[in-house]
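The block underneath contains the structure these notes are about, expressed in structure tokens.
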Amino acid sequence: MKKSLLLSLAAAFVIPATAQISTGYYRVENYMTHRYAYIVDNKGSINWTTTEADLQAIKLWKGFDKAVCDPASVLYFDHKGGKEYNVAAQGTSVYDMIDYNLRLTSGNDNTWYAYGQKDNMVKYLGDGEAADVAEGYMCTSATGSYRRWYITGITPDGDNYFGIKPEVTVGGKFYASMFASFPMSPYSQGMKMYAITLVDQGMAVKTEITGTAPGGCPILIECSYAGVSDNRMNVGGSGTMPADNMLRGVYFDNDDGKHWNRTAFDTDTMRVLGTCKDGSLGFVSAGYQYIPANKAYLLVPKGTPEELKIVTYEEYLANRQIYPTGVTVSPEAAALRKGETTTFTATVTPADATDKSVTWTSSAPGVASVDGAGKVTAAGAGSATITATTSNGLTATATVTVTVPATSITVEPATLALNNGASAKLTATVLPGDASNKSVTWTTGDAAVAAVSADGTVTATGNGTTTITATTADGTALSASCAVTVTTAVTSITLTPDYYEGQKGDSFDITAEVYPDDATDRSVTWSSSAPEVATVDADGHVEILEEGIANISATSNDGSAISGYCRVVATSDVILATSITVEPTTYEAIEGSEFTLTATVLPENVSFPEVLFTTNHSSIATVDNTGLVKIVGVGECEITAYTTDGTNLSAVCRVTGVSGVEEIIAPGTTADVYDTKGVLVARDADTATLRALPEGIYIVGGRKVVL
């Protein structure tokens with residue numbers, strides 16, 4: 001109950017000298033209501049200026065049955081001299097709350113008045129609830145005998161003792177958890193105090209506290225009896241805090257407004273005294289929302305089981321599992337070929353581990369699988385990690401590298417014919433498709449006939465035959481070969497004579513010169529383009545049969561399709577060319593341009609008006625048999641037209657290939673432009689200016705440009 005009361009001012013008066021209360025532990029009971037005082041919070045205040053008090057940190061309850069086992073009713077009176085006392089309980093004190101010590105003065109019937117005094121103001125503490133109910137409240141507005149208090153020392157052998165009320169009964173013994181700010185030790189027969197010093201494997205190990213448990217030490221108490229009066233404790237004394245105690249405690253569970261002071265129960269990290277499912281004593285995850293005041297609880301790591309059986313250290317040793325602390329795998333690595341097997345061995349430490357079994361797994365079963373005994377079977381190319389896992393999750397690993405060996409090799413093509421100096425690439429196929437190493441080594445049987453590079457490219461180096469071999473590089477030494485034949489092809493044929501003019505009935509012989517001299521097959525086949533005019537036999541002997549024109553050719557037989565020609569003109573009245581001209585005679589244009597060159601042969605009734613076009617620089621301009629000229633480069637060249645009637649007359653067109661505009665004036669720059677007479681056409685012209693000029697020939701930056 002929260003109360004905020006206006007305080008009346010009391011006039012200053014003289015308090016008579018009385019007996020004093022010695023420093024020690026007491027209970028405080030109201031003279032009129034017989035309600036006991038409990039400190040249930042660490043907050044509170046007295047405002048001397050506004051006469052307002054908030055004393056809801058001190059509660060009043062009727063009944064010794066409640067007070068006898070509640071540490072909050074055990075108040076420590078610390079005599080500060082004269083009438084001043086600091087009254088403390090459960091980790092706090094009146095001085096902590098209101099910044100003043102209490103003063104005590106005796107009343108009638110062994111009672112006392114408790115009050116605070118500042119300058120000329122006095123505020124008495126009393127029970128503000130006059131009705132006969134279980135709960136009252138501490139205030140400074142009570143009057144009369146409601147201000148009187150019995151202050152009775154706590155002794156284990158009297159009527160005002162501190163006793164333990166058991167929470168759990170197991171096996172004829174009674175147990176309670178306790179957290180109090182005062183020291184205590186067992187008084188009644190059969191009582192023991194314990195700390196919890198180890199939590200492991202579902203067990204909480206208890207360690208007995210002999211002598212006195214110091215204040216603020218959370219403990220587990222064992223009793224031989226169920227009644228509070230049979231479970232009495234000595235209050236006071238001194239003791240040593242047990243080491244490694246995992247018990248913790250809560251002093252307060254107050255939900256009163258601004259005096260709210262509670263500790264939420266966390267099922268992950270807290271366990272409270274209770275009964276395990278098998279009926280044994282333990283610390284369990286109970287259905288608390290908040291930890292009850294003055295109770296001890298067990299603080300545990302996350303992941304701890306929901307219930308922990310309370311055992312002695314000897315019982316713990318007898319029942320604990322000895323878990324592995326380490327594991328190794330041997331060998332640490334293995335190299336296998338597909339289909340091979342090996343067995344790994346796992347060594348678990350310590351040697352006396354309760355469960356030394358391991359579980360085997362593979363990171364890549366498609367590479368290497370492993371069975372429950374550690375036997376590994378290589379399944380495919382690659383690497384896999386083999387892991388041994390102990391029953392408590394420790395791991396060790398080994399690495400398996402699996403290779404797939406080659407089982408066969410083929411070379412395509414199996415035969416190869418090359419002209420001397422030519423090249424061709426061979427392909428080696430290694431099986432199976434998942435072979436780990438498909439690389440091969442290439443070798444030649446005769447480097448003077450054919451050489452081979454690392455990628456299988458064969459280059460013919462001389463006439464003859466040899467074998468090119470591919471050998472697997474994975475150690476299997478499998479091989480396959482290609483039979484290579486190298487020949488020298490004909491590159492040109494010259495006929496002598498290459499022109500013959502005669503009459504019907506004439507005959508003559510033509511000689512064929514085949515190059516190069518080391519051509520493998522230097523034989524030729526003779527033919528006539530007009531057998532009705534002239535025939536030729538296999539030896540190059542020509543017979544003229546009729547007037548007209550025939551081309552006699554000798555063609556290589558080695559497949560190179562090289563031919564040489566002799567033009568035969570058979571007529572009784574031939575009109576020969578007297579002149580030849582071309583139009584145009586000069587032409588300038590940028591790369592990529594083309595034009596047609598026209599040749600005129602006179603006289604108009606010439607017997608053979610055909611002409612032959614040639615270029616002296618095919619990298620600048622090309623020409624075909626129709627006179628179509630294509631400019632393919634920058635520079636100057638000559639396109640020549642020849643008569644074909646044996647007169648060898650010629651005419652020339654000079655062609656100039658020039659650069660484009662973008663190559664004359666670079667982006668972001670300018671140049672002066674002149675015509676071919678040296679007259680300035682445009683100053684500081686850029687590319688756009690140059691393109692806008694009329695078609696013609698210009699000089700830009702010392703270079704001729706055709707637009």
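The table below lists the values:
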read-out	value
Residue within region 60-76 that is open to solvent by 10 Å² or more (accessible area, probe 1.4 Å), closer than 14 Å to Thr140 by Cβ, within 60 Å of the chain's Cα centre (by Cα) and in contact (Cβ under 8 Å) with a residue 40 or more places away in the chain present	no
Residues satisfying the stated conditions in region 643-676, i.e. under 23 Å from Thr687 (Cα atoms), of a type outside the set (A, V, I, L, M, F, W, C) and either open to solvent by 50 Å² or more (accessible area, probe 1.4 Å) or part of a strand (DSSP E or B) (or both)	Thr656, Gly657, Glu662, Glu663, Pro667, Gly668, Thr669, Thr670, Asp672, Tyr674, Asp675, Thr676
Within region 77-97, considering residues that are outside any strand (DSSP E or B) and charged (D, E, K, R), the one most open to solvent (accessible area, probe 1.4 Å)	Asp96
Boolean, Asp434 is at pLDDT below 95, open to solvent by 50 Å² or more (accessible area, probe 1.4 Å) and within 40 Å of the chain's Cα centre (by Cα)	yes
Matching entry among Thr361, Thr342, Thr354 (being open to solvent by 60 Å² or more (accessible area, probe 1.4 Å), at negative phi and outside any loop (DSSP other than H, G, I, E, B))	Thr361
Extreme residue, most open to solvent (accessible area, probe 1.4 Å), among residues of region 246-300 that are among the basic types (Lys, Arg) and farther than 20 Å from Gln201 by Cα	Lys258
Residue within region 171-193 that is surrounded by fewer than 17 Cβ atoms within 10 Å (Cβ to Cβ), out of contact with any Lys or Arg (no Cβ under 8 Å at 6 or more places or on another chain), touching a residue at least 60 places away in the same chain (Cβ under 8 Å) and assigned to a loop (DSSP other than H, G, I, E, B) present	yes
Tabulated pairs, region 549-561, first farther than 13 Å from Thr491 by Cα, second part of a loop (DSSP other than H, G, I, E, B) and open to solvent by less than 40 Å² (accessible area, probe 1.4 Å), C-beta under 6 angstrom, 6+ apart or interchain	Ala550/Ala530; Ala550/Val533
Count - residues of region 475-516 that are acidic (Asp, Glu) and part of a strand (DSSP E or B)	3
In region 520-540, the residues that are part of a strand (DSSP E or B) and open to solvent by 40 Å² or more (accessible area, probe 1.4 Å)	Thr525, Ser527, Thr535
All positions within region 228-270 that are touching a residue at least 60 places away in the same chain (Cβ under 8 Å), within 20 Å of Ile154 (Cβ to Cβ) and part of a loop (DSSP other than H, G, I, E, B)	Asn231, Gly236, Tyr251
Residue within region 465-474 that is over 22 Å from Val542 (Cβ atoms), open to solvent by 20 Å² or more (accessible area, probe 1.4 Å), touching a Gly at 6+ places or on another chain (Cβ under 8 Å) and assigned to a loop (DSSP other than H, G, I, E, B) present	no
Residue check for Thr49: of a type in the set (S, T, N, Q), out of contact with any helix residue (DSSP H, G or I) (no Cβ under 9 Å at 6 or more places or on another chain) and either closer than 26 Å to Gly249 by Cα or assigned to a loop (DSSP other than H, G, I, E, B) (or both)	yes
Filtered residues of region 93-116 (kept if touching a Phe, Trp or Tyr at 6+ places or on another chain (Cβ under 8 Å) and not small (Gly, Ala, Ser))	Val94, Asn101, Leu102, Arg103, Leu104, Thr105, Asp109, Asn110, Thr111, Trp112, Tyr113, Tyr115
Selection from region 117-152 of residues that are of a type outside the set (Phe, Trp, Tyr), part of a strand (DSSP E or B) and open to solvent by 30 Å² or more (accessible area, probe 1.4 Å)	Gln117, Lys118, Met121, Glu135, Thr152
Residue satisfying all of: in region 417-436; in contact with a strand residue (DSSP E or B) (Cβ under 7 Å, 6 or more places away or on another chain) and in a loop (DSSP other than H, G, I, E, B); farthest from Val490 (Cα to Cα) among these	Ser436
Near pairs, Cβ below 8 angstrom, 6+ apart or cross-chain, from region 102-131 (farther than 17 Å from Asn86 by Cβ) to any residue that is part of a strand (DSSP E or B) and modelled with pLDDT under 85	Gly128/Leu5
Positions within region 207-227 being touching a helix residue (DSSP H, G or I) at 6+ places or on another chain (Cβ under 8 Å) and outside any loop (DSSP other than H, G, I, E, B), in sequence order	Thr207, Cys223
Filter pass, Leu680 being more than 26 Å from Asn551 (Cα to Cα) and open to solvent by 60 Å² or more (accessible area, probe 1.4 Å)	yes
So Val582, is it touching a Ser or Thr at 6+ places or on another chain (Cβ under 9 Å) and more than 30 Å from Ser659 (Cβ to Cβ)	no
Selected residue [closer than 26 Å to Tyr313 by Cβ, acidic (Asp, Glu) and within 45 Å of the chain's Cα centre (by Cα)] from Asp200, Asp266	Asp200
Residue within region 153-165 that is open to solvent by 30 Å² or more (accessible area, probe 1.4 Å), under 60 Å from the mean Cα position of the chain (by Cα) and within 29 Å of Met184 (Cα to Cα) present	yes
Hits in region 437-454 - residues which are surrounded by fewer than 18 Cβ atoms within 10 Å (Cβ to Cβ), among the hydroxyl-bearing types (Ser, Thr, Tyr) and in contact (Cβ under 8 Å) with a residue 24 or more places away in the chain	Ser439, Thr441, Thr443
Restricting region 31-57 to residues that are aliphatic (A, V, I, L, M) and open to solvent by less than 20 Å² (accessible area, probe 1.4 Å), the residue that is farthest from Thr263 (Cα to Cα)	Ala53
Some residue of region 391-410 being over 34 Å from the mean Cα position of the chain (by Cα) and outside any strand (DSSP E or B)	yes
Check on Tyr115, closer than 22 Å to Phe252 by Cα, at pLDDT below 95 and in contact with a strand residue (DSSP E or B) (Cβ under 7 Å, 6 or more places away or on another chain)	no
Filtered residue count, region 626-642, keeping only those that are open to solvent by 10 Å² or more (accessible area, probe 1.4 Å) and assigned to a strand (DSSP E or B)	7
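The values are calculated or read from the model by the stated rules, or taken from the named source; none is laboratory data. Keep in mind that what you see is a predicted model, and the values were worked out from it rather than measured. Glycine gets a Cβ as well: all are built from the backbone with ideal geometry, and neighbour counts include every protein chain shown. Accessible surface areas use protein heavy atoms only, side chains included; no ligands, DNA or RNA. Shrake-Rupley method; radii C 1.70, N 1.55, O 1.52, S 1.80 Å.
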